[in-house]
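S.K.: Pasting a structure below so you can have a look.
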Amino acid sequence: MPVVVVANPKGGVGKSTLSTNIAGYFARQGHAVMLGDIDRQQSSRLWLGLRPSAARPIAAWATDADQIAKPPKGTSHVVLDTPAGLHGGRFNDVLKMADKVIVPLQPSVFDIFATRSFVDQLLQNKHHARLQIALVGMRVDARTIAADKLHDFVDGLGVPMLGYLRNTQNYIHLAASGLTLFDVAPTRVEKDLAQWKPICEWLDA
């Protein structure tokens, strides 16, 4: 049972957007997916409450802010949305059960510095040898200087960058209905699905 953890110590980088769409991708493939949320804001749990009954099912993983229990039997895929400032014992508990860690970041100097420190922590953690770790750029406009700086930063990290997701209202509008890119007609979100292709390949590997 693969457990995908979406984590970055900085808030507002797109963790919940990434988490919900990963869960949506797994659900589209017919997997028994659970989406856990240990962020006190409970954005992913709120999103699940908006999800229509006609959509492919994604179950809520009953976690709380202080304790992370193992998912119940019958679950085939787990996605865990984590809070800003994840550290200490909770950080270790999350990594102990994780198979893959995906780190979203935006093209800002603040995100870059926070992410560099976090990736160093991941690589130094006792569990890192069995983990697959990767980055995803969020809300990236490839035409900007900030995007160029992000490229330069990633090149020196030694962790793969799976792709760069554009800043589009598609994510916002779909999230408001409890949906993901993988719940609507592909022609409606064609550009975004193309950006997700390498992410999906990494998730399936």
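Values quoted throughout were computed directly from the atomic coordinates according to the rules given, and no laboratory measurement underlies them. From a predicted model like this one, the values you see are computed outputs, not experimental measurements. Positions of Cβ are backbone-derived with ideal geometry, glycine not excepted, and every protein chain shown enters the neighbour counts.
S.K.: Using helices alone, I'd like the mean residue ellipticity at 222 nm for the chain: each DSSP H run of four-plus residues gives -39500 (n - 2.57), total over residue count, nearest 500. Could you put the intermediate results ahead of the total?
M.R.: Working: 7 runs with 81 residues, N = 205.
Mean residue ellipticity at 222 nm (helix-derived): -12000 deg cm²/dmol.
S.K.: Would you mind calculating the relative contact order of the stretch 100-171 from Cα pairs under 8 angstrom and at least 6 residues apart, reporting the percent as a whole number?
M.R.: Details: 86 pairs, mean separation 27.4, N = 72.
After rounding, I find 38 percent.
S.K.: Moving to a separate point now. Of the candidates Ala54, Ala98, Ala142, which one comes out as most mobile in a Gaussian network treatment of the chain with C-alpha springs shorter than 10 Å?
M.R.: Evaluated over the chain, the most mobile residue of the options is Ala54.
S.K.: Here is a further query. Name the shape class, rounded, prolate or oblate, that the alpha-carbon gyration tensor gives for the stretch 80-198, where a ≥ b ≥ c are the square roots of its eigenvalues, rounded holds for a/c under 1.5, and otherwise prolate holds if a/b is larger than b/c and oblate otherwise. Mind showing how you got there, number by number?
M.R.: Working: a/c = 2.03, a/b = 1.38, b/c = 1.47.
It is oblate, given that a/c is not under 1.5 and a/b is not larger than b/c.
S.K.: Considering Cα pairs under 8 angstrom that are at least six residues apart, work out the relative contact order of the stretch 3-204 and quote it in whole percent. Each step should come with its number before you reach the end.
M.R.: Numbers: 347 pairs, mean separation 53.3, N = 202.
So the answer I get is 26 percent.
S.K.: Could I ask something else about it? Under a point-charge model restricted to the Cβ atoms of Lys and Arg (+1) and Asp and Glu (-1), what is the dipole moment magnitude of the stretch 129-169 relative to its Cα centre, in debye to the nearest 20? Don't skip to the end; give the middle numbers.
M.R.: On the way: 5 positive and 4 negative charges, 36 e Å.
Computed charge dipole of the stretch 129-169: roughly 180 debye.
S.K.: Kindly flag which residue pairs out of Lys96/Lys191; Lys15/Lys126; Lys100/Lys191 have an alpha-carbon separation exceeding 31 Å in this structure. Write out the running numbers ahead of the final one.
M.R.: Numbers: Lys96/Lys191 35 Å; Lys15/Lys126 24 Å; Lys100/Lys191 25 Å.
Long pairs (Cα-Cα over 31 Å): Lys96/Lys191.
S.K.: May I pose another question? Going Cα to Cα from Lys149, which lysines come in below 19 Å? Please leave out same-chain ones fewer than 8 positions away.
M.R.: Lys10
S.K.: Could you tell me which of Phe113, Val103, Leu131 has its Cα farthest along the dipole of the stretch 57-205 towards the positive end, charges placed at Cβ (Lys, Arg +1; Asp, Glu -1), taken about the Cα centre?
M.R.: Working it through, the farthest residue towards the positive pole turns out to be Leu131.
S.K.: Say the dipole of the chain comes from +1 at the beta carbon of Lys and Arg and -1 at that of Asp and Glu; which of Phe26, Gln169, Pro52 then lies farthest toward its positive end?
M.R.: Comparing the listed Cα positions along the dipole, Pro52 ranks first.
S.K.: Another question, then. Which FRET efficiency, nearest 0.05, do Asp141 and Phe113 yield, Cβ-Cβ r, R0 22 Å? Walk me through the numbers before you get to the answer.
M.R.: Values: r = 20 Å, r/R0 = 0.92.
The calculated FRET efficiency here is 0.60.
S.K.: A further question on this structure: Calculate how many DSSP beta bridges within the chain are antiparallel, expressed in % of all such bridges and rounded to the nearest 5. Working shown, then result.
M.R.: Working: 0 of 24 bridges.
So the antiparallel bridges amount to about 0 percent of the total.
S.K.: Quick one: check the C-alpha center-to-center distance for the stretch 17-48 versus the stretch 153-170, whole angstrom.
M.R.: Using only Cα atoms, the two centres lie 20 Å from each other.
S.K.: Treating only the Cβ of Lys, Arg, Asp and Glu as charged (+1, +1, -1, -1), what charge dipole size does the chain show about its Cα centre? Round to the nearest 20 debye.
M.R.: Numbers: 22 positive and 18 negative charges, 58 e Å.
Using only the charged Cβ atoms, the result is roughly 280 debye.
S.K.: Now a separate question. Mind pulling up the Rg/Rh value for the chain? Radius of gyration and Kirkwood radius, both on Cα. If you can, show how the numbers build up before the last one.
M.R.: Details: Rg = 15.9 Å, Rh = 17.1 Å.
My calculation of the ratio gives 0.93.
S.K.: Where the only charges are on Cβ atoms (+1 Lys, Arg; -1 Asp, Glu), what is the dipole of the stretch 1-54 about its Cα centre, to the nearest 20 debye? Each step should come with its number before you reach the end.
M.R.: Numbers: 6 positive and 2 negative charges, 15 e Å.
Charge dipole of the stretch 1-54: 80 debye, to the nearest 20.
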